[in-house]
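S.K.: Mind having a look at this structure? Questions to follow.
The numbers here are math on the coordinates, done by the rules we state, and not lab data. Since we're looking at a predicted model, the values are computed, not measured. Cβ placement follows ideal geometry from the backbone for every residue including glycine, while neighbour counts extend to all protein chains displayed.
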């Protein structure tokens, strides 16, 4: 699992440490990846989750991310995909 942000590597490293994240954050400072995925909105990226399977096939796109429940929501969704 990866998170991608327009923030700098430095800012992301601080955030990951403060939040004790167990996944990597990738920096997209010029927004090129966000633009390719269609989530760049001006100078900001929309909060969107893409779920890909082990072969890299897109299985789900979550465009309405609730930051409080998103981790649990995502785990439930991935479990359903595996069944």
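S.K.: Expressed as an acute angle from 0 to 90° and rounded to the nearest 10, what is the orientation of the C-alpha long axis of helix 9-19 relative to the principal long axis of the chain?
M.R.: 50 degrees
S.K.: Sorted by average packing, counted as other Cβ atoms within 10 angstrom per residue and highest first, what order do 54-66, 2-14 take? Provide the component values of the computation, followed by the final result.
M.R.: Numbers: 54-66: 10.0, 2-14: 13.8.
Ranking, from highest mean packing down: 2-14, 54-66.
S.K.: Using only Cα atoms, tell me the angle between helix 70-82 and the longest principal axis of the chain; keep it within 0 to 90° and round to the nearest 10.
M.R.: 40 degrees
S.K.: Now, a different point. In angstroms, what radius of gyration and Dmax does the chain have, counting Cα atoms only?
M.R.: Considering the chain through its Cα atoms, Rg and Dmax are 13.5, 39 Å.
S.K.: What length, rounded to one decimal in nm, is gained on full extension from residue 50 through to residue 21, with 0.36 nm per residue of separation minus their alpha-carbon distance?
M.R.: Working it through step by step, the gained length comes to 8.6 nm.
S.K.: Quickly estimate the mean residue ellipticity at 222 nm for the chain, helices only: each DSSP H run with n ≥ 4 gives -39500 (n - 2.57), and the total goes over all residues, rounded to 500.
M.R.: -10000 deg cm²/dmol
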